[in-house]
Amino acid sequence: MLKRGCDLKGMEPLIVEAWCNEFPQLGAAYRTKEGFAAIWGWGNQADARAGYEAWVRDMPADIRPAFQPLITAITNWEAEVFAYFRHPITNAFTECMNGLSRRSQSIASSAQIAANRWWPSSPSSRTCPSRPARALAACPQSPCPL
């Protein structure tokens, strides 16, 4: 149900069709989702706006509450949303970089926590847990470069 209809392969279209026939409300929601996704394939802003208005107008009343947050967001950000058709640029790259930054920050902070677990607070008592004290004394790098 999360895949677009055009991305279904093999037996998947038959399975989705069976579900939609067995559960009419689910079928209506799936067709409504597909109708909204089709708007973004239209070539220009005027056609997309007309398509969106038709999508909202033709939506079955029983599933409208499920799509109300989307309708509200489009209504509140209509100019920005439909500007996509004049300049088809998204912020996907920025969001990807933000995600990578958060992930690396998380990894770094967990590594710092792990290092703090064995690292003593006083410099005179610092010994490396993976090497004996005599090997550490011969080590030119201080503190231990683990």
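Every read-out reported here was derived from the displayed coordinates using simple, explicitly stated rules and does not represent laboratory data. On a predicted model such as this, the values are computed, not experimentally measured, just so you know. For neighbour counting, all protein chains shown are included, and Cβ atoms are generated from backbone atoms with ideal geometry for every residue, glycine included.
Structure notes:
- Here the gap between Arg102 and Ala83, fully extended at 0.36 nm per residue and compared with their Cα-Cα distance, gives a gain of 3.9 nm.
- Förster radius 35 Å - calculated FRET efficiency between Met11 and Ala46, Cβ distance, rounded to 0.05: 0.35
- Inter-probe distance in nm under a simple model that places probes 7 Å from Cα toward Cβ, at Asn76 and Gln25: 2.6
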